[in-house]
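*Asks:* Below is a structure I'd like to ask you about.
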Amino acid sequence: MMYGYARVSTKEQREDRQLMAFSGMQLPEENIYVDKQSGKDFERPMYKRMVRKMKEDDLLYIKSIDRLGRNYEEILEQWRLLTKEKKVDIVVLDMPLLDTRRGKDLMGTFLSDVVLQVLSFVAENERKNIRDRQKEGIEAAKMRGVRFGRPENPLPDNFEQLSSRWLSGEISGKRAAEMCGMPLTTFRRRSAKQVES
């Protein structure tokens, strides 16, 4: 039996490019499984369902190794589980060296394992680089004064007066917050900000 597995990182992304790569493989449509979630681990419902169905001598097509996953150790573990325990063949379409049908001898297995390890490392390293670039980009944006998160709601007209009355001990924070129509923690935080500026 032949299977295809595709994965995109978010629900908004489309898997069309990966599915097009399967078009020449005569895969039964019911044997194509798609997950729409991150490749950081293998807690993916469609992948798990597909693996449960697979039997010895079945064949799995994936477009590229990073569609299988991005965690180096987990990719290697899944590869071992599929090829050694379930005895399934795997073809990575954009990397002809990763075709377990070829070279079933010791040298073929060795080459396939080496290429897999290198590509898995590259996939995880790219994931780390993406996180690092995101973090650097956020830090740079913060330094330029870019604010993240929702914009704060405008203060009610009576805020300054009630904040002053609260700060002078004339009324409780709870009462002042209620009169402003905001949660107590927000009232205190915004009052502290007013005092600082």
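*Asks:* Go through segment 40-47 residue by residue and turn each phi into a ³J(HN,Hα) via Karplus (6.51, -1.76, 1.60, θ = phi - 60°); whole Hz please, and just put x for glycine and proline.
*Replies:* 6, 8, 9, 7, 10, x, 6, 4
*Asks:* Something else about it: Run down the aspartates and glutamates and flag those whose C-alpha is under 13 Å from the C-alpha of residue 86, throwing out any fewer than 8 positions away in its chain.
*Replies:* Counting by Cα, and skipping residues close in sequence, residue 86 has these aspartates and glutamates nearby: 56, 57, 58, 77.
*Asks:* What is the extension gain from residue 20 to residue 64, computed as 0.36 nm multiplied by their sequence separation minus the C-alpha to C-alpha distance, in nm to one decimal?
*Replies:* The residue 20-residue 64 span can extend by a further 14.5 nm.
*Asks:* Would you please name the GluC sites (Glu not before Pro) within segment 53-94 that are DSSP coil residues with at most 10 other C-beta atoms within 10 Å of their C-beta?
*Replies:* Filter output for segment 53-94: 56.
*Asks:* Right, here's the next one. So what J values fall out for segment 69-83 if you push phi through Karplus, 6.51 cos²θ - 1.76 cosθ + 1.60 with θ = phi - 60°, rounded to Hz, Gly and Pro as x?
*Replies:* Once rounded to whole Hz, the list reads x, 10, 9, 3, 5, 6, 4, 4, 5, 5, 4, 4, 4, 5, 7.
*Asks:* How much length is gained on full extension from residue 57 to residue 86, taking 0.36 nm per residue of separation minus their Cα-Cα distance?
*Replies:* In short, 9.6 nm is gained.
*Asks:* So, one more: Would you please name the chymotrypsin sites (Phe, Trp or Tyr not before Pro) within segment 116-197 that are DSSP coil residues with at most 10 other C-beta atoms within 10 Å of their C-beta?
*Replies:* When the chymotrypsin sites (Phe, Trp or Tyr not before Pro) of segment 116-197 are filtered for loop state and at most 10 Cβ neighbours within 10 Å, 148 remain.
*Asks:* To continue, here is another question. Which ordering of 191, 38 is given by a fewest-first count of other beta-carbon atoms within 10 Å?
*Replies:* Lowest count first: 38, 191.
*Asks:* Next question. Quick check on the chain: what are the equivalent-ellipsoid semi-axes from the Cα gyration tensor, as sqrt(5λ), descending, whole Å?
*Replies:* The answer is 56, 18, 14 Å, longest axis first.
*Asks:* Still on this structure: Under 5 Å between amide H atoms, partner at least 5 residues away or on a different chain: which partners does residue 60 have, H built in plane at 1.01 Å?
*Replies:* Under 5 Å from the amide H of residue 60: 3, 89, 90, 91.
*Asks:* In addition: Which whole-number percentage describes the relative contact order of the chain, with Cα contacts under 8 Å and a sequence gap of 6 or more?
*Replies:* Contact order relative to length: 15 percent.
*Asks:* Highest mean first, what order results for 180-186, 88-94 on Cβ atoms within 10 Å?
*Replies:* 88-94, 180-186
*Asks:* Okay, moving on. At a Förster radius of 30 Å, what calculated FRET efficiency corresponds to the Cβ-Cβ distance of residue 40 and residue 152, to the nearest 0.05?
*Replies:* Result of the calculation: an efficiency of 0.40.
Taken together, the values in this text are just the output of simple stated rules run on the coordinates, not laboratory data. This is a predicted model, so every value here is computed, not measured. Note that each Cβ is placed from the backbone with ideal geometry, even for glycine, and that neighbours are counted across all protein chains shown.
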